[in-house]
1. Inside the range 162-172, can you point out the residues that are closer than 19 Å to T239 by Cα and modelled with pLDDT under 90?
2. Being modelled with pLDDT of 80 or more and either in a loop (DSSP other than H, G, I, E, B) or within 12 Å of A29 (Cα to Cα) (or both) is the filter here, so list the residues in the range 271-280 that pass it.
3. Looking only at residues in the range 163-178 that are more than 17 Å from H134 (Cα to Cα) and of a type outside the set (S, T, N, Q), which one is surrounded by the most Cβ atoms within 10 Å (Cβ to Cβ)?
4. Are any of the residues in the range 7-22 within 20 Å of R290 (Cβ to Cβ), modelled with pLDDT of 65 or more and not hydrophobic (A, V, I, L, M, F, W, C)?
5. Pull out all pairs, ordered by first then second residue, where Cβ-Cβ is under 8 Å, the residues are six or more apart or on different chains, the first lies in the range 222-247 and is over 19 Å from S182 (Cα atoms) and without any contact (Cβ under 8 Å) to a residue 40 or more places away in the chain, and the second is polar (S, T, N, Q) and crowded, with 18+ Cβ neighbours inside 10 Å.
6. Name the strands (runs of 3 or more DSSP E) wholly inside the range 102-174 in which the number of residues that are farther than 19 Å from R191 by Cβ, touching a helix residue (DSSP H, G or I) at 6+ places or on another chain (Cβ under 8 Å) and among the aromatic types (F, W, Y) is 3 or more.
7. Going by what's in this entry, would L104 be described as surrounded by 11 or more Cβ atoms within 10 Å (Cβ to Cβ) and farther than 28 Å from L322 by Cα?
Amino acid sequence: MINFIITSFVLSLTGWLVYMFLVRRKASAQQRKGFIYVTLVGSLLLPLTVHNSPPILKPTPYVAPLQFGQDIEHHHLQQYCRCQTPNYSHRITYRANAFYNLMLSHKHWLSRGIGGAIALFLFHFICQLLYLQHLVSRSDKERREMAGIPFFLLKTPYNHSVGAFQLRKRYVIWQEEMKQLSDLEIEAILRHELSHLQQFNTFEKAVLRIIQCFWFFSPVFYFFKKELDLISECIADETGSEVMGNRKAYAQLLVKLKSLQSIPLVQPFTGSILRKRIDHLLRKPHTHNRKMVYVGLVVLGALQLTLVSPLSAQIEQTMYELETYEEIYHKVNPDKSEAVYCQDCETVCVPEGE
């Protein structure tokens, strides 16, 4: 599992680099979203295709194969080894490392902390789903249809801003204050929300919540999560502005409707990324370079396919070295800084003078 998490994280980092340097400024909103999807899927699936052979222990600063000529005498090793025919290439010298020792002495609490963090994310996700279901059951529902898309307009007893989500059916949260808007503005808002439903943003957010359990430590994940939120809003804004026929007028509508959103799984009509959305709306149209997107995909695929196998093997080797260190650590007296370990008979001896 640790190998998968670290390998997938590094692969996602390559996707972030390609996205920032080749795709972000050259592609349309839809193309950028597609590239991020490909990055996430590739980063999560490619590590599952790797089958590593049993690792061979290599020299490290703290756990290394023992060679003749070191400070531990042959007869001393023979005295503490139960092997009939000792193989000295299998002997390992151990040198204590304060950081490793600290982690190993608190391993139980570290494991509990990581497990608790994952459980907390899952619990939060389940609570959000239950709250949305509760919101549906407590709200007045009005069936509507627009642009061939059926949905239910929810008039909630709580003070929520306009938003959209999908469980078994499609829902749009509405506010009575919206009646003060013109019919054209109301239609633009509804088309904006329907765009979120067409983009399957609720499903997207749910999947990201699950991925967060593996990548909660990853800054790349939070960048992509924030970027997907922004792209989804920009796509929905483009749909809403087409209804109004004027991007500037639609941008003014966004400012008028600025409010805070309190349900994370609901795609809000407005939010903290409002300024970037308005910049996107008012930016001068430019031709998107589709070829650059294809180049980015080719570079991403080449990097991930090239890295995944050696990277996974290296991580597996490192994990094996740490496991070996831990095994010796539990057999050596805490006040000893150096020892020799025989992998064949699993015995430990401490050099004289230690």
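The values are calculated or read from the model by the stated rules, or taken from the named source; none is laboratory data. Owing to the predicted nature of the structure, the values given are computational and were not obtained by experimental measurement. Quick reminder, even Gly has a Cβ in these numbers, built from the backbone with ideal geometry, and neighbours come from all protein chains shown.
1. The answer is V162, G163.
2. So the first thing to find is which residues in the range 271-280 are modelled with pLDDT of 80 or more, and the list is 274-280.
Answer for the range 271-280, where residues must be modelled with pLDDT of 80 or more and either in a loop (DSSP other than H, G, I, E, B) or within 12 Å of A29 (Cα to Cα) (or both): R277, H280.
3. First, pick out the residues of the range 163-178 that are more than 17 Å from H134 (Cα to Cα): 175-178.
Applying the additional criterion that residues be of a type outside the set (S, T, N, Q) yields 176-178.
On the way: E176: 7, E177: 12, M178: 14.
The residue in question is M178.
4. yes
5. If the second residue must be polar (S, T, N, Q) and crowded, with 18+ Cβ neighbours inside 10 Å, the pairs left are K225/Q212.
6. Details: elements: 140-146, 149-155, 163-166, 170-174.
Answer list for the range 102-174: none.
7. Working: surrounded by 11 or more Cβ atoms within 10 Å (Cβ to Cβ): yes; farther than 28 Å from L322 by Cα: no.
Here the answer is no, as L104 does not meet what is asked.
Per-residue answers, yes or no, for (1) under 30 Å from S8 (Cα atoms); (2) in contact (Cβ under 8 Å) with a residue 60 or more places away in the chain:
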position	(1), (2)
R143	no, no
L153	no, no
A164	no, yes
R170	no, no
A206	yes, yes
Q212	yes, yes
